[in-house]
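S.K.: This is the structure I want to talk about, given as structure tokens.
The values are calculated or read from the model by the stated rules, or taken from the named source; none is laboratory data. This one's a predicted model, so the numbers in the text were calculated from it and none came from an experiment. Ideal geometry is used to build each Cβ from the backbone, glycine not excepted, and the neighbour counts take in all protein chains shown. In case anyone asks, the SASA skips ligands and DNA or RNA and just uses the protein heavy atoms, side chains included. Shrake-Rupley method; radii C 1.70, N 1.55, O 1.52, S 1.80 Å.
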Amino acid sequence: MIENKIIEIANQFIGLTEKPGNSGFYDHEGIQALTHMHPEELFRTIGWKKGYAWCMLNCEVIWKLAYAKYDSMMIPELNRLFSASVAQTEANFKRSDLFVVDDAPKEGNIAVWRSFNAKRQMQWSGHAGIVIDYAHDHIKTIDGNTNSSGGREGIEVAEKRRVLDFTERPGLVLRCFIHPKEI
């Protein structure tokens, strides 16, 4: 099942750390073993550039590596749908007839958060992570461009436990889950 492969690959990315200011990535044995590429080289293949936020790009590379194992014909469609922008990726998948986007978490999904300002207006920025487990009140994710110690500055790939709450308020708000297409 594709979601199991997604989670397996996501776990191999835990511990990947970025250089200051989103300027690159330090080497990572798990990614080297999986792809035979330095993380920075791998992320460049999907459009990463110095200074880019990379949480959605992390989800993209994980999904593409998983689909490459089972259905490489899906890669061109994923190229069309993914973007470094969380907002653009969310919109692209919502328009797709191949993928389900809803509020029901499942393992292997991409969880999408969007930023809201003090007036509860949705902003262009956001965050994304791979769902590895869920319950009625929380989800566990593996996120890129995050911080395992709870700080705001994203510096690594880490496992996170987050409240399952779609309430619009200032800050990051959970918006949806993008489900992988079963193969």
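S.K.: Can you give the net charge of the other residues whose Cβ lies under 15 Å from the Cβ of Ile75, counting K and R as +1 and D and E as -1?
M.R.: Cβ neighbours under 15 Å give a net charge of +2.
S.K.: So, one more: Can you find, among Ser83, Asn117, Ala135, the residue sitting farthest towards the positive end of the charge dipole of the stretch 65-173, where Lys and Arg contribute +1 and Asp and Glu -1 at Cβ?
M.R.: Most positive-ward Cα: Asn117.
S.K.: List the lysines whose Cα lies under 18 Å from the Cα of Lys19, skipping any in the same chain that are fewer than 8 positions away.
M.R.: Lys49, Lys50
S.K.: Next question. Find out how many positive minus negative residues lie around Ala84, taking Lys and Arg as positive, Asp and Glu as negative, among other residues whose Cβ is under 11 Å from that of Ala84.
M.R.: 0
S.K.: Also, quick follow-up: Which net charge results when you count Lys and Arg as +1 and Asp and Glu as -1 among the other residues whose beta-carbon is under 13 Å from that of Ile46? Please report the intermediate quantities before stating the final value.
M.R.: Details: positive: Arg44, Lys49, Lys64, Arg80; negative: Glu40, Glu41, Glu60.
Net of charged neighbours comes to +1.
S.K.: Would you mind calculating the relative contact order of the chain from Cα pairs under 8 angstrom and at least 6 residues apart, reporting the percent as a whole number?
M.R.: The value is 24 percent.
S.K.: Amide H to amide H under 5 Å from Cys176: which residues, 5+ apart in sequence or cross-chain, H placed 1.01 Å off N in plane?
M.R.: Val112
S.K.: If you don't mind, another one. Dipole magnitude of the chain about its Cα centre, charges +1 at Lys/Arg Cβ and -1 at Asp/Glu Cβ only, in debye to the nearest 20?
M.R.: Charge dipole, the chain, about its Cα centre: 640 debye, nearest 20.
S.K.: Let me ask another. Compare Gly144, Gly30, Gly51 in a GNM of the chain, Cα atoms joined below 10 Å, and give the one with the largest fluctuation.
M.R.: Highest fluctuation of the listed residues: Gly51.
S.K.: Using a 1.4 Å probe on the protein heavy atoms, what percent of the accessible area of the chain belongs to carbon and sulfur?
M.R.: The C+S portion of the solvent-accessible surface of the chain is 49 percent.
S.K.: Taking the convex hull of the Cα atoms, report for the chain its projected area averaged over all directions, in nm².
M.R.: Values: hull surface 39.1 nm².
Average projection, Cα convex hull of the chain: 9.8 nm².
S.K.: Explain nothing, just compute: Karplus ³J(HN,Hα) = 6.51 cos²θ - 1.76 cosθ + 1.60, θ = phi - 60°, for every residue of the stretch 107-124 in order, whole Hz, x for Gly and Pro.
M.R.: Running phi through 6.51 cos²θ - 1.76 cosθ + 1.60 with θ = phi - 60° gives 4, x, 5, 9, 7, 10, 10, 10, 7, 10, 8, 4, 8, 6, 9, 5, 9, 6 Hz.
S.K.: Could you tell me the extents of the stretch 75-183's C-alpha atoms along the three principal axes, largest first, rounded to whole Å?
M.R.: That gives 36, 29, 28 Å along the principal axes, largest extent first.
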